[in-house]
Amino acid sequence: MTIVFIGGSPGVGKTTVAKMLAEKLNAEYVSVAELALNENIVLGYDEKRAAYIVDERALRARFRELSSAKRVVVDSHVANVVPPEMVEVAVILRLDPRELEKRLSARGYPRNKVVENVQAEILDVCLIEAVRVFGFDAVFEVDTSGKKPQEVLDEILNILIERRGMKPGSVNWFEKLGEVAYEYLKENYTNT
Ligand SMILES: Nc1ncnc2c1ncn2[C@@H]1O[C@H](COP(=O)(O)OP(=O)(O)OP(=O)(O)O)[C@@H](O)[C@H]1O
Ligand SMILES: [Mg+2]
């Protein structure tokens, strides 16, 4: 069977929509963060960034097993943890950086973590990694800004059925935000 990959910066709504999608497709929902922790597929812990370092190679092997028998919806902000040959479609969720900033701040994230993730969203970090790992043809973008989870789900279902949708390069936060985008990028943060 195959993998439907749902990616994007922290807080864009991956878990919310990936669970809805899995239910709709009658597929298995798997969160990379949960899988890595539950099965101890980690190499260590990054104290400064307060994040686990996952074992990418071991995760790819595990996903080969998991997806051999069924269709799996993978929820992850990194792409290099699933075997690309199993991936039918990779959808990168995008969110207006101002909305993302609000969401992450509301979660109580320290400012440096908010800024790091908002900058990554502006600079297309998850999108670029997905294109590199899965190839341009497999990757689609969905701009979730101002949309309800159900609307996001419908767009993803449409991509799966029609194999058509917004291709990498569609979302451009510099165009939408103007000077505000540069202000975010100029804000210093440090993990040291
Ligand atoms: N389309 C949406 N519209 C409004 N709020 C949303 C939408 N999707 C998710 N949310 C809310 O935004 C927050 C983050 O959503 P979610 O946990 O699904 O994001 P995530 O991408 O999985 O984050 P993380 O990478 O940290 O796991 C939650 O409070 C969720 O209820
Ligand atoms: Mg999540």
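The values are calculated or read from the model by the stated rules, or taken from the named source; none is laboratory data. Keep in mind the model is a prediction, meaning the values are calculated, not measured. Note that each Cβ is placed from the backbone with ideal geometry, even for glycine, and that neighbours are counted across all protein chains shown. We work out accessible area using only protein heavy atoms, side chains counted, and drop any ligands, DNA or RNA first. Shrake-Rupley method; radii C 1.70, N 1.55, O 1.52, S 1.80 Å.
Listing for the model above:
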{"item": "Heavy atoms of Lys24 accessible to a 1.4 Å probe, total area in Å² rounded to 10", "result": "140"}
{"item": "Ranked order, Leu43, Leu153 - accessible area, probe 1.4 Å, largest first", "result": "Leu43, Leu153"}
{"item": "Which of Asp75, Asp154, Asp137, Asp143 is most accessible, then next, and so on - probe 1.4 Å", "result": "Asp137, Asp154, Asp143, Asp75"}
{"item": "Rg(Cα) / (2.2 N^0.38 Å) computed for the stretch 29-138, rounded to two decimals", "result": "1.14"}
{"item": "Over the chain: Kirkwood hydrodynamic radius from C-alpha pairwise inverse distances, Å", "result": "17.0"}
{"item": "Peptides ranked, highest mean first, by Cβ atoms within 10 Å: ranges 172-183, 82-93", "result": "82-93, 172-183"}
{"item": "Calculated [θ] (222 nm, deg cm²/dmol) that DSSP helices of n ≥ 4 give over the chain, each run adding -39,500 (n - 2.57)", "result": "-14000 deg cm²/dmol"}
{"item": "Two-decimal Rg to Rh for the stretch 120-192 - Kirkwood Rh, Cα set", "result": "1.04"}
{"item": "Three-way shape label, the stretch 86-151, alpha-carbon gyration tensor, a/c 1.5", "result": "oblate"}
{"item": "Dipole magnitude (debye, nearest 20) for the chain, charges at Cβ of Lys, Arg, Asp, Glu", "result": "220"}
{"item": "For the chain: accessible area per residue (Å², 1.4 Å)", "result": "51"}
{"item": "Mean Cα-pair separation over length for the chain, i.e. relative contact order, pairs under 8 Å, 6 or more apart, %", "result": "27"}
{"item": "Square roots of five times the Cα gyration tensor eigenvalues for the stretch 27-89, Å", "result": "22, 11, 11"}
{"item": "Heavy-atom accessible surface of the stretch 104-192: percent carbon and sulfur, 1.4 Å", "result": "52"}
